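Here is the structure we will look at.
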Amino acid sequence: MSSPVLLGAAPLSEDDYAALEDLAGLAVDANGSAVAALSLIKPAAAFAPLPGQGSTARLWELLATLGAADLTAARVIEPHLDALAILAQSAEQDPGTEYAEHGIDSSAGTWGVYAAEAPGMVLEAAELDGVWQLSGRKPWCSLAAQLDYAVITARTGPQSRRAFTVDLRLPGVQAGDGLWVSRGLAAVESSAVDFQDVPAVPLGADNWYLERSGFAWGGMGVAACWYGGAVGIARRLMRASRSRTPDQVAHMLIGQADSALHAARRSLAAAAADVDAGRADGAAGAILAQRVRAVVAGAVEQVLQAAAHGLGPGPLTAEEEHARRVADLQVYVRQHHAERDHAALGKALLATAGDPW
């Protein structure tokens, strides 16, 4: 049984703690199965608050708890919750959007978010007689064959992208070429998808998807999943040291893992407070997200190294749960682009006035 992962921002009520504990148990039972993880979407969504409405820490504690229990579950549920947040943010901008007219039930089904791009792959959106249609190829569409709907970005011009909702079950949606040979997150197949004149409903204006504050908030939600995965690995390291008399090296490795996780936890907790207080909007939110993701990604790599050095090859070769968690986390955290994201943060800081520290 995996216990809840808390950020310490505010005490949990007994009911909330019990709900998180139940969701953690269900995620453990998913055991790396994407199909099982999809069945957790409804109870997870019932617990999850929307970001920026006063309970962002609770949302991220849910994501971290799922990450510690089973990273496949976290990887499946996080984009669904992000899609619900995007829909809510879009409704604030344009409350008259009629999804039902296009066969989309914004309050039901399972959702993904597809915003990645890759060389040689372009998804274009065009409006014809008042109806938007998507055509082209979109990369990195996780579980597209198993989900109902997606929030997806498409090109509307040379320098513009727009978000749309689309029904993935329509006949114009076809899985494209691509191999998913990943050993980490193996059940969360992410491949290209082809779209041919697929009807879609726009969300916001051109570039709204990237410019909204919620884009940064969603990026930090992903970091909460990474943090949870690192907590799960660190817990295994602790159990090993408690099962035998630890030496000085074991003490050192636990200390390294703890200090890294402490920094990540405090970073997430402070960021959640900033989101709810309105201090993470616009450019400030974008910089905050880059900082938080960098801190958490660094903590993940520190914990992975500490566990590798402290546990040796045994758990990696004989324990399915630990070996899968390590492989899952190594793939998942690569959504942080390492030195390139650090460079982007540095560029953003240099563009601001004054010293950032």
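Within the set ALA273, ALA269, the sole residue that is part of a helix (DSSP H, G or I), in contact (Cβ under 8 Å) with a residue 40 or more places away in the chain, in contact with a Ser or Thr (Cβ under 9 Å, 6 or more places away or on another chain) and within 16 Å of GLY219 (Cα to Cα) turns out to be ALA273. Being buried (at least 17 other Cβ atoms within 10 Å of the Cβ) and modelled with pLDDT of 95 or more is a property that does not hold for ALA323. Going through the range 298-357 one residue at a time, which ones are touching a residue at least 40 places away in the same chain (Cβ under 8 Å), within 21 Å of ALA240 (Cα to Cα) and of a type in the set (A, V, I, L, M)? Hits for the range 298-357 are ALA299, VAL300, VAL303, LEU304, ALA306, ALA307, LEU311, VAL326, ALA327, LEU329.
Residue-by-condition table, conditions (1) surrounded by fewer than 18 Cβ atoms within 10 Å (Cβ to Cβ); (2) in contact with a Pro (Cβ under 7 Å, 6 or more places away or on another chain); (3) small (Gly, Ala, Ser):
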| site | (1), (2), (3) |
| --- | --- |
| HIS309 | yes, no, no |
| GLY312 | yes, no, yes |
| PRO315 | no, no, no |
| GLU319 | yes, no, no |
| ASP328 | no, no, no |
| HIS336 | no, no, no |
| GLU339 | yes, no, no |
| HIS342 | yes, no, no |
| ASP355 | yes, no, no |
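Being of a type in the set (Gly, Ala, Ser) and on the phi < 0 side of the Ramachandran plot is the filter here; which residues of the range 296-335 pass it? The answer is ALA297, GLY298, ALA299, ALA306, ALA307, ALA308, GLY310, GLY314, ALA318, ALA323, ALA327.
Quick grid of which residues meet (1) closer than 29 Å to ARG212 by Cα; (2) modelled with pLDDT under 95; (3) buried (at least 16 other Cβ atoms within 10 Å of the Cβ):
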position: ARG244; (1), (2), (3): no, yes, no
position: ASP247; (1), (2), (3): no, yes, no
position: ALA260; (1), (2), (3): no, no, yes
position: LEU268; (1), (2), (3): yes, no, yes
position: ALA272; (1), (2), (3): yes, no, yes
position: VAL275; (1), (2), (3): yes, no, yes
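Residues in the range 122-146 that are farther than 14 Å from TYR209 by Cβ, in contact (Cβ under 8 Å) with a residue 60 or more places away in the chain and under 23 Å from the mean Cα position of the chain (by Cα): SER142, LEU143, GLN146. From the list ASP274, ASP281, ASP341, exactly one residue is within 21 Å of ALA260 (Cβ to Cβ) and assigned by TED's automatic domain parsing to the domain that holds GLY232. Which is it? Checking each option against the conditions leaves just ASP341. Looking at the range 126-143, can you tell me whether even one residue there is touching a helix residue (DSSP H, G or I) at 6+ places or on another chain (Cβ under 8 Å), closer than 30 Å to LEU40 by Cβ, part of a loop (DSSP other than H, G, I, E, B) and not assigned by TED's automatic domain parsing to the domain that holds LEU84? Yes: the range 126-143 contains one or more residues that are touching a helix residue (DSSP H, G or I) at 6+ places or on another chain (Cβ under 8 Å), closer than 30 Å to LEU40 by Cβ, part of a loop (DSSP other than H, G, I, E, B) and not assigned by TED's automatic domain parsing to the domain that holds LEU84. Remark: ARG293 matches the filter, which requires a residue to be within 18 Å of the chain's Cα centre (by Cα) and among the charged types (D, E, K, R). Looking at the range 179-211, which of its residues are within 29 Å of ALA37 (Cα to Cα), of a type outside the set (A, V, I, L, M) and crowded, with 16+ Cβ neighbours inside 10 Å? If the condition is that a residue be within 29 Å of ALA37 (Cα to Cα), of a type outside the set (A, V, I, L, M) and crowded, with 16+ Cβ neighbours inside 10 Å, then GLY184, GLU189, SER190, SER191, ASP194, PHE195, PRO199, PRO202, TYR209 are the ones that fit. Restricting the range 92-104 to residues that are modelled with pLDDT of 75 or more and under 25 Å from the mean Cα position of the chain (by Cα) leaves a set whose member that is nearest to VAL131 (Cα to Cα) is ILE104. When residues in the range 179-196 are screened for being within 25 Å of ILE86 (Cβ to Cβ), among the small types (Gly, Ala, Ser) and not in a strand (DSSP E or B), 1 of them pass.
Comparison of ALA264, ALA308 shows that the only residue that is assigned to a helix (DSSP H, G or I), among the aliphatic types (A, V, I, L, M), at pLDDT 95 or above and over 30 Å from PRO51 (Cα atoms) is ALA308.
Pairing residues of the range 27-45 that are more than 26 Å from ALA88 (Cβ to Cβ) and in the same structural domain as ALA69 (by TED's automatic domain parsing) with residues that are among the hydroxyl-bearing types (Ser, Thr, Tyr) and surrounded by 15 or more Cβ atoms within 10 Å (Cβ to Cβ), at Cβ distances under 6 Å and at least 6 apart in sequence or on separate chains, gives VAL28/SER2; GLY32/THR72. Put simply, of ILE77, ILE104, ILE86 the only residue that is closer than 16 Å to ASN207 by Cα and of a type outside the set (S, T, N, Q) is ILE86. For the range 14-70, the candidate set comprises residues that are small (Gly, Ala, Ser) and not in a helix (DSSP H, G or I); within that set, the residue that is surrounded by the most Cβ atoms within 10 Å (Cβ to Cβ) is ALA48.
The values are calculated or read from the model by the stated rules, or taken from the named source; none is laboratory data. These numbers come from a predicted model, not from an experiment. Glycine gets a Cβ as well: all are built from the backbone with ideal geometry, and neighbour counts include every protein chain shown.
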